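The values are calculated or read from the model by the stated rules, or taken from the named source; none is laboratory data. Remember, it's a predicted structure, so these values are computed and weren't measured experimentally. Reconstructed Cβ throughout: ideal geometry from the backbone, glycine too, with neighbour counts over all protein chains shown. These area figures cover heavy atoms from the full protein model, side chains too; ligands, DNA and RNA do not enter into them. Shrake-Rupley method; radii C 1.70, N 1.55, O 1.52, S 1.80 Å.
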Amino acid sequence: MPEKPLTIATYAAGASFAAIALVYVFGPTYFLDDDAASTKKKGVVGLSNAANDCFINSVLQALAGLPDLRIYLIRETHRRLLDGPEVYHVDPERQSAATTGTARPACLEGLQRGILTHGLKEILDRLNERPIYRKTISPHPFIRSLEHAFGTRISRQQQDAQEFLQIVTERLCDEYHAGGKARRHATRAGITITKGHVASEKTDMEEQFGAAPPECSGNDEVEEPPEEDEAPADEEGFPFEGKIESQIECQTCHFKPKPTVSTFVTLTLHVPQTSSTSLNACLDGMLKVEHIDDFKCERCRLDHALKASERQLARATESNVQMRLQKDIANIRQALEEDPEKPPEGVELPASSEAPKSRIARHMYISQFPKVLAIHLSRSTFAIGAASTKNLAKVAFPESLPLGGLLHRKNYRLLGMVTHKGSHNSGHYESFRRQVQPLPFSTPASFGTEGAYSRQASPYPSAAPSVAPSAMQSPRVSALNLPITNDRASPVPSTPTLDSPSTRSLSSQDTIPSTSRGQAPTSAPQMHDADPLQLPPSTASTGTESLSRTKSIQSLKDRAQKRASSIKEGNPLRRRAKKGSNRWWRISDDKIKESKTSEVLSMQKDVYLLFYELDKD
């Protein structure tokens, strides 16, 4: 008898150790990746604010939530690591002899090496960690990289977040183009530059995003472009860089000169002096047609010169003057036909002050859409003889932003936002960042009630019919689950599966014996004598019977799918996952809390910077 309590105690101790082992092994995965876990265990890395750094912290947190930017940083850093320092090294003597520019060799080498590109990648990688506890890092390493790139110190007073974003993005864009020129110069010098994704780059992308980049087709060496400043056409550029074209049209002669192309990394939109407006209205204010008076049109000037020369020719009496005027008239007409913007050579045109003034219509449009569209809402109001104030107008902005025409429509999705609370000269910046989880951290089948270990592994139906099928199982409709015994029998199909190969019959007149399961089912139909779906010869001979049989099977599948959906929705234990696209992080330096899309869209009075990413679909 004394052995019985000892046995019970031994079993209890063993069960306790087993429970502890299960929690130790499966607990981290459940709490990190499961949607049913407590939100207190989830979060992102915050940034410390030691000396008015909220304008830096808010921009960095917004940039950390842009997947296209992070992929670009991975590609550029690994490309420079693979090429080696000799590709991006600048010889001071050769540089001074080859160019007459004012750029110092040290500054040019810093651009080609990508100092800020490496610094931004490091801090964005740290901000995208998934800590299980509250974690805060310092932005000082990135600030030192920025100071090293420009060779100056950054003031620690209150600064503008848009100016900081403009400086960072312009520097990144300059480093991208400087690196491209260095690689093309190295290619001409005979240095082999590999093309495509290297092994380290693939590994880094797989660790960060859970998927390898697409393979590049073609040769391993980069083809030499026709011009030195021209980048390869198949190369993905800086994701913030876009192009705007300005087109003017003369309202008198309807001449359209060549559009003026300018690049941008951020779009600045002026907020009108109203109580409320919208982002589309601000975009229309920049892209709308604008009329300008007292403009000197080149074609109108040539027309004026042509008429003046014809009048002089009519009054000329000397032959040499007539020949000169006839030659001038022919050159002016040729210029009008070919290129009115290029003045004819050897022709003395009237003074520009004598040229007629006309009215033009100017409009701007985005000719090259960036992958990441950064929009700055300018709220500064300037008045003569008064201090600058902040425009407190409400600006409504959408979650999905369509841009472009009907034939070239581009859809953007909101991924980040920076808000400002306070006056024009002081205040505090906060950032909103969409919870974009990479694939390694998104586990749809975890160890919960619908986890991987709660599903059956067999693709065959149960041998015995079940009275109350469990909602944890999602049987799949198959040809093996649709027996037909005779002409009057109405078979009841098994419930179809949605995401699992397990099956269970709801009710059936004939079931497959459990002792002889036969050959495993395949995607291709197999015709043999034991096939329960094979029709008798008398019925298979007619096309009408075959069509009715196909419709009957399709109707049975539809009924089975509806039945499976009703069982799954009616299960009280089914875990309803949160909608990932509706979840945001609201970050104020080191203070982090969850937010929703509705709260983000309601920040109309404080919105300052918006970050849209091009929709891949």
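Confirm whether Val372 is touching a Pro at 6+ places or on another chain (Cβ under 9 Å) and among the β-branched types (Val, Ile, Thr). Give the derivation first.
Values: touching a Pro at 6+ places or on another chain (Cβ under 9 Å): yes; among the β-branched types (Val, Ile, Thr): yes.
Yes.
Just checking, does the stretch 301-313 include any residue being open to solvent by 70 Å² or more (accessible area, probe 1.4 Å) and part of a loop (DSSP other than H, G, I, E, B)?
no
Any residue at all in the stretch 32-54 that is among the hydroxyl-bearing types (Ser, Thr, Tyr) and at pLDDT 60 or above?
Applying the first criterion (among the hydroxyl-bearing types (Ser, Thr, Tyr)) to the stretch 32-54 yields 38-39, 48.
Cutting the leftovers down to at pLDDT 60 or above gives us 48.
So far as the stretch 32-54 goes, yes, one or more of its residues are among the hydroxyl-bearing types (Ser, Thr, Tyr) and at pLDDT 60 or above.
Within the stretch 73-91, which residues are among the acidic types (Asp, Glu), touching a residue at least 60 places away in the same chain (Cβ under 8 Å) and open to solvent by 60 Å² or more (accessible area, probe 1.4 Å)?
Taking the stretch 73-91 as the starting set, the residues that turn out to be among the acidic types (Asp, Glu) are 76, 83, 86, 91.
Cutting the leftovers down to touching a residue at least 60 places away in the same chain (Cβ under 8 Å) gives us 76, 83, 86.
Passing the criteria: only Glu86.
Return the pair list, or none, for Cβ contacts closer than 6 Å from residues in the stretch 374-392 that are touching a residue at least 40 places away in the same chain (Cβ under 8 Å) and among the polar types (S, T, N, Q) to residues that are open to solvent by 30 Å² or more (accessible area, probe 1.4 Å) and assigned to a strand (DSSP E or B), at least 6 apart or on different chains.
From the stretch 374-392, the pairs are Ser378/Thr268; Ser378/His270; Thr381/Thr389; Asn391/Thr381.
Grab the strands (runs of 3 or more DSSP E) fully contained in the stretch 544-617, keeping just those with 1 or more residues being modelled with pLDDT of 70 or more, open to solvent by 70 Å² or more (accessible area, probe 1.4 Å) and on the phi < 0 side of the Ramachandran plot. Before you say what the answer is, go through the steps one by one.
Working: elements: 583-588, 591-596, 607-614.
Strands (runs of 3 or more DSSP E) meeting the threshold: 591-596.
Being over 30 Å from Val607 (Cβ atoms), small (Gly, Ala, Ser) and modelled with pLDDT of 90 or more is the requirement here; does Ala374 meet it?
Working: over 30 Å from Val607 (Cβ atoms): no; small (Gly, Ala, Ser): yes; modelled with pLDDT of 90 or more: yes.
No.
With the requirement that a residue be touching an Asp or Glu at 6+ places or on another chain (Cβ under 8 Å) and either basic (Lys, Arg) or assigned to a helix (DSSP H, G or I) (or both), what does the stretch 262-298 give you?
Glu298
Identify, by number, the condition in (1) touching a Leu at 6+ places or on another chain (Cβ under 7 Å); (2) over 30 Å from Phe611 (Cβ atoms) that Arg324 doesn't meet.
(1)
Of all residues in the stretch 264-299, count the ones that are among the acidic types (Asp, Glu) and open to solvent by less than 50 Å² (accessible area, probe 1.4 Å).
We begin by selecting, within the stretch 264-299, every residue among the acidic types (Asp, Glu); these are 284, 290, 293-294, 298.
Still in the running and open to solvent by less than 50 Å² (accessible area, probe 1.4 Å): none.
The qualifying residues number 0.
With the stretch 44-93 as the region, which helices (runs of 4 or more DSSP H) entirely inside it contain at least 2 residues that are of a type in the set (Lys, Arg) and farther than 25 Å from His420 by Cα? Step through it out loud before you land on a result.
Working: elements: 54-64, 67-83, 85-88.
So the answer is 67-83.
Which pairs have Cβ atoms under 9 Å, sit 6 or more apart or on different chains, and link a residue in the stretch 154-180 that is free of Cβ contacts under 8 Å to residues at least 24 places away in the same chain to one that is hydrophobic (A, V, I, L, M, F, W, C)?
If the second residue must be hydrophobic (A, V, I, L, M, F, W, C), the pairs left are Ile154/Ile56; Ile154/Ile143; Ile154/Leu146; Ile154/Phe164; Glu163/Phe55; Ile167/Leu146; Ile167/Phe150.
Could you list all residues from the stretch 585-612 that are aromatic (Phe, Trp, Tyr) and more than 25 Å from Leu403 (Cβ to Cβ)?
Step one: list which residues in the stretch 585-612 are aromatic (Phe, Trp, Tyr), which gives 585, 608, 611-612.
Of everything in the stretch 585-612, just one residue is aromatic (Phe, Trp, Tyr) and more than 25 Å from Leu403 (Cβ to Cβ), namely Trp585.
Val261 - would you say it is exposed (fewer than 14 other Cβ atoms within 10 Å of the Cβ), more than 30 Å from Thr389 (Cα to Cα) and not polar (S, T, N, Q)?
Numbers: exposed (fewer than 14 other Cβ atoms within 10 Å of the Cβ): yes; more than 30 Å from Thr389 (Cα to Cα): yes; not polar (S, T, N, Q): yes.
Criteria met by Val261.
Can you name every residue in the stretch 335-369 that is open to solvent by 60 Å² or more (accessible area, probe 1.4 Å), more than 19 Å from Lys256 (Cβ to Cβ) and modelled with pLDDT of 90 or more?
Listed by number, the list holds a single entry, Gln368.
Could you tell me whether Ile20 is in a helix (DSSP H, G or I) and modelled with pLDDT of 85 or more? Explain how you work it out, then say what you get.
Details: in a helix (DSSP H, G or I): yes; modelled with pLDDT of 85 or more: no.
Here the answer is no, as Ile20 does not meet what is asked.
Is it true that Lys410 is in contact with a His (Cβ under 9 Å, 6 or more places away or on another chain), more than 23 Å from Ser48 (Cα to Cα) and touching a residue at least 12 places away in the same chain (Cβ under 8 Å)?
Working: in contact with a His (Cβ under 9 Å, 6 or more places away or on another chain): no; more than 23 Å from Ser48 (Cα to Cα): yes; touching a residue at least 12 places away in the same chain (Cβ under 8 Å): yes.
No.
Would you mind stating whether Pro398 is surrounded by fewer than 18 Cβ atoms within 10 Å (Cβ to Cβ), part of a loop (DSSP other than H, G, I, E, B) and in contact (Cβ under 8 Å) with a residue 40 or more places away in the chain? Can you show your working first?
Details: surrounded by fewer than 18 Cβ atoms within 10 Å (Cβ to Cβ): yes; part of a loop (DSSP other than H, G, I, E, B): yes; in contact (Cβ under 8 Å) with a residue 40 or more places away in the chain: yes.
When the stated conditions are applied, Pro398 passes them.
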